[in-house]
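Asks: Have a look at this one.
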Amino acid sequence: MANFLKVLGQQIPAAGVVAVIYAPSSVRTATVSTVTACNQGPATTIRLLVNVFSEGLGDVPKQYIVYDLPLAANDTYAATMGITLASQDGLRCSSANGAVSFSAFGVEVA
């Protein structure tokens, strides 16, 4: 098996929209080592959730790992968590102001 360290995904979703940062599809598994949220606008709140494919991709409350975390203007939040994802699972994000860029860093296992 080969491991690929990389930027797994980046996203700037519109205000209140939940968007996929990363979902492994062509690999067996992935580990998201760090997720960052960089607020480029006024103070806001952010959300992160891990969608387990077998549970569906809806807004499932038990899948939130960060919920309405306050993020000051021009501030960055970084979480080093070691999130493991199987094929078709997904790491998703949202912000209240639509001015937050999210990035996921980690390793894909092919």
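The values are calculated or read from the model by the stated rules, or taken from the named source; none is laboratory data. On a predicted model such as this, the values are computed, not experimentally measured, just so you know. Heads up, the Cβs are rebuilt from the backbone with ideal geometry, glycines too, and the neighbour counts pull from every protein chain shown.
Asks: What is the residue count in segment 57-71 for residues that are out of contact with any strand residue (DSSP E or B) (no Cβ under 7 Å at 6 or more places or on another chain) and exposed (fewer than 13 other Cβ atoms within 10 Å of the Cβ)?
Replies: Summing the residues that are out of contact with any strand residue (DSSP E or B) (no Cβ under 7 Å at 6 or more places or on another chain) and exposed (fewer than 13 other Cβ atoms within 10 Å of the Cβ) in segment 57-71 gives 3.
Asks: Looking only at segment 18-46, which residues are under 17 Å from Asp89 (Cα atoms) and assigned to a strand (DSSP E or B)?
Replies: Within segment 18-46, Ala19, Val20, Ile21, Tyr22, Thr29, Ala30, Thr31, Val32, Ser33, Thr34, Val35 qualify.
Asks: From the residues in segment 29-58 that are in contact (Cβ under 8 Å) with a residue 60 or more places away in the chain and over 13 Å from Thr76 (Cβ atoms), which one is farthest from the chain's Cα centre (by Cα)?
Replies: The qualifying residue farthest from the chain's Cα centre (by Cα) is Thr29.
Asks: Please determine, by comparing only the residues of segment 24-52 that are among the small types (Gly, Ala, Ser) and modelled with pLDDT under 95, which one is surrounded by the fewest Cβ atoms within 10 Å (Cβ to Cβ).
Replies: Step by step, filter segment 24-52, then rank; the result is Ser26.
Asks: Would segment 75-82 turn up any residue that is free of Cβ contacts under 8 Å to residues at least 40 places away in the same chain and assigned to a loop (DSSP other than H, G, I, E, B)?
Replies: Looking for residues that are free of Cβ contacts under 8 Å to residues at least 40 places away in the same chain and assigned to a loop (DSSP other than H, G, I, E, B), one finds at least one in segment 75-82, hence yes.
Asks: Checking Pro70 against (1) part of a strand (DSSP E or B); (2) farther than 23 Å from Thr31 by Cβ; (3) under 15 Å from the mean Cα position of the chain (by Cα), only one condition comes out false. Which one?
Replies: Failing condition for Pro70: (3).
Asks: Restricting to segment 49-78, give me the number of residues that are within 17 Å of Val7 (Cα to Cα) and among the aliphatic types (A, V, I, L, M).
Replies: The qualifying residues number 1.
Asks: List every residue pair whose Cβ atoms lie under 9 Å apart, where the two residues are 6 or more positions apart in sequence or sit on different chains, the first residue falls within segment 2-17 and is part of a loop (DSSP other than H, G, I, E, B), and the second residue, located anywhere, is among the basic types (Lys, Arg) and surrounded by 11 or more Cβ atoms within 10 Å (Cβ to Cβ).
Replies: Partner pairs satisfying both residue conditions: Pro13/Arg92.
Asks: Moving on. Looking only at segment 79-106, how many residues end up being over 12 Å from the mean Cα position of the chain (by Cα), more than 16 Å from Ser25 (Cβ to Cβ) and of a type in the set (S, T, N, Q)?
Replies: 1
Asks: Can you find a residue that is surrounded by fewer than 13 Cβ atoms within 10 Å (Cβ to Cβ), touching a Gly at 6+ places or on another chain (Cβ under 7 Å) and either among the hydrophobic types (A, V, I, L, M, F, W, C) or modelled with pLDDT of 95 or more (or both) anywhere in segment 7-17?
Replies: Looking through segment 7-17, at least one residue is surrounded by fewer than 13 Cβ atoms within 10 Å (Cβ to Cβ), touching a Gly at 6+ places or on another chain (Cβ under 7 Å) and either among the hydrophobic types (A, V, I, L, M, F, W, C) or modelled with pLDDT of 95 or more (or both).
Asks: A follow-up question, please. Being among the β-branched types (Val, Ile, Thr) and within 14 Å of Leu8 (Cα to Cα): is that true of Thr34 here?
Replies: On the way: among the β-branched types (Val, Ile, Thr): yes; within 14 Å of Leu8 (Cα to Cα): yes.
So Thr34 passes the test.
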